[in-house]
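Right, one structure below, let's go through it.
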Amino acid sequence: MTSTLPANGNGLSSDKALVQQDLAELVPTVSAQISARLKSAGVSFLANDNIADYILPGELQALESEVSDRVRDLLRTLVIDIENDHNTEETAERVARMYLHEVFKGRYHQQPKVASFPNVKELDEIYTVGPITVRSACSHHLVPIMGNCWIGIKPGSRVIGLSKFTRVADWVFSRPHIQEEAVMILADEIERLCQPQGLGIIVKAQHYCMKWRGVREPQTSMVNSVVRGDFRHDPSLKQEFFELVRQQEALLST
């Protein structure tokens with residue numbers, strides 16, 4: 001008596017397996033669902049945008065799983081035997097967690113809660129906060145940008161706590177960036193949070209896209225700044241801000 005065995009080892013016929021595969025392909029991935037939601041709302045989702053408002057409860061966990069699958073595909077494409085290599089056995093999961101909850105958390109997580117308070121004493125003398133360690137990644141190669149940030153404030157009608165500048169800077173920089181745009185985005189957020197009369201930001205950073213690859217120049221750094229409000233219109237205030245930053249650097253070097 002002749003018997004017909006299933007065409008594959010899991011007990012399903014080839015036709016049924018193909019149908020299941022086709023059905024799986026019809027169900028959009030969570031990344032596709034989030035992208036469609038952003039497009040429908042007319043919202044940009046560039047590398048340095050925050051998209052947390054358009055991620056539904058539970059989707060970030062599902063996105064982490066999807067990213068793990070894609071990283072696993074990347075490792076296989078790089079001809080790494082992840083099935084037998086004990087060092088890369090869980091690399092895909094680690095990388096997914098790192099991107100979504102650490103180095104790119106500024107894209108997927110809400111801004112840290114920042115409370116502002118009335119400037120009751122009507123303070124109008126400038127102050128600086130720094131150096132604040134900032135960590136980012138170059139949008140071009142996704143390798144680290146590491147540096148320091150200084151923030152100068154001439155208070156307006158509201159003030160925020162010093163530690164909040166650090167939290168907001170970390171949230172803004174934890175995205176793929178080019179440094180010039182990162183400083184502008186940070187300035188926008190601080191202006192929104194405390195509406196200062198004057199604002200100055202300086203960032204000094206080293207880019208591993210230049211240190212680790214390409215020209216491989218280990219000593220090169222990039223320095224840029226943005227000044228707004230009274231700092232932009234009053235040269236003496238701008239000069240005072242830069243001088244205060246120099247004093248802070250000198251103090252730390254002693």
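The values are calculated or read from the model by the stated rules, or taken from the named source; none is laboratory data. In this text, all values refer to a predicted model and were calculated from it rather than measured experimentally. Because the Cβ atoms are built from the backbone with ideal geometry, glycine has one as well, and the counts that use them run over all protein chains shown. Note: areas computed on protein heavy atoms with side chains; ligands, DNA, RNA excluded. Shrake-Rupley method; radii C 1.70, N 1.55, O 1.52, S 1.80 Å.
Close contacts from region 194-221, counting a first residue that is on the phi > 0 side of the Ramachandran plot and a second that is part of a strand (DSSP E or B) and open to solvent by 60 Å² or more (accessible area, probe 1.4 Å), with Cβ to Cβ under 7 Å and a gap of 6+ residues or different chains, come to 195/158.
Close Cβ contacts (under 9 Å, 6 or more residues apart or on different chains) running from residues in region 60-73 that are over 17 Å from residue 109 (Cβ atoms) and open to solvent by less than 70 Å² (accessible area, probe 1.4 Å) to residues that are assigned to a helix (DSSP H, G or I) and acidic (Asp, Glu) comprise 65/93; 68/93; 71/93; 72/93.
Which of the residues belonging to region 101-125 are among the β-branched types (Val, Ile, Thr) and surrounded by 14 or more Cβ atoms within 10 Å (Cβ to Cβ)?
If the condition is that a residue be among the β-branched types (Val, Ile, Thr) and surrounded by 14 or more Cβ atoms within 10 Å (Cβ to Cβ), then 103, 114 are the ones that fit.
Note on region 177-196: residues that are within 21 Å of the chain's Cα centre (by Cα) and open to solvent by less than 10 Å² (accessible area, probe 1.4 Å) amount to 7. Taking the criterion of being within 24 Å of the chain's Cα centre (by Cα), free of Cβ contacts under 8 Å to residues at least 40 places away in the same chain and open to solvent by less than 80 Å² (accessible area, probe 1.4 Å), the only residue of region 222-238 that qualifies is 227. Out of all the residues in region 169-180, is one or more of a type in the set (D, E, K, R), under 14 Å from residue 49 (Cβ atoms) and at pLDDT 95 or above? Yes, there is a match, as at least one residue in region 169-180 is of a type in the set (D, E, K, R), under 14 Å from residue 49 (Cβ atoms) and at pLDDT 95 or above. Residues in region 79-96 that are exposed (fewer than 15 other Cβ atoms within 10 Å of the Cβ) and either touching a residue at least 24 places away in the same chain (Cβ under 8 Å) or under 25 Å from residue 166 (Cα atoms) (or both): none.
Which residues, counting only those in region 97-130, are within 20 Å of residue 53 (Cα to Cα) and of a type in the set (A, V, I, L, M)?
Answer for region 97-130, where residues must be within 20 Å of residue 53 (Cα to Cα) and of a type in the set (A, V, I, L, M): 100, 103, 114, 115.
Residues being buried (at least 17 other Cβ atoms within 10 Å of the Cβ), over 19 Å from the mean Cα position of the chain (by Cα) and either assigned to a helix (DSSP H, G or I) or charged (D, E, K, R) (or both) are entirely absent from region 126-137.
Within region 239-254, no residue that is closer than 16 Å to residue 199 by Cβ sits with its Cβ atom under 7 Å from a residue that is in a helix (DSSP H, G or I) and open to solvent by 100 Å² or more (accessible area, probe 1.4 Å) at 6+ positions apart or across chains. In this structure, residue 76 qualifies as farther than 25 Å from residue 170 by Cβ and open to solvent by 40 Å² or more (accessible area, probe 1.4 Å).
Among the residues of region 26-63, those that are within 28 Å of residue 179 (Cβ to Cβ) and in a helix (DSSP H, G or I) comprise 31, 34, 35, 38, 52, 53, 54, 60, 63. Restricting the first member to region 115-142 and to residues that are closer than 28 Å to residue 178 by Cβ, and the second to residues that are in a loop (DSSP other than H, G, I, E, B) and at pLDDT 90 or above, the beta-carbon pairs closer than 6 Å and six or more apart or on different chains are 139/47; 139/178.
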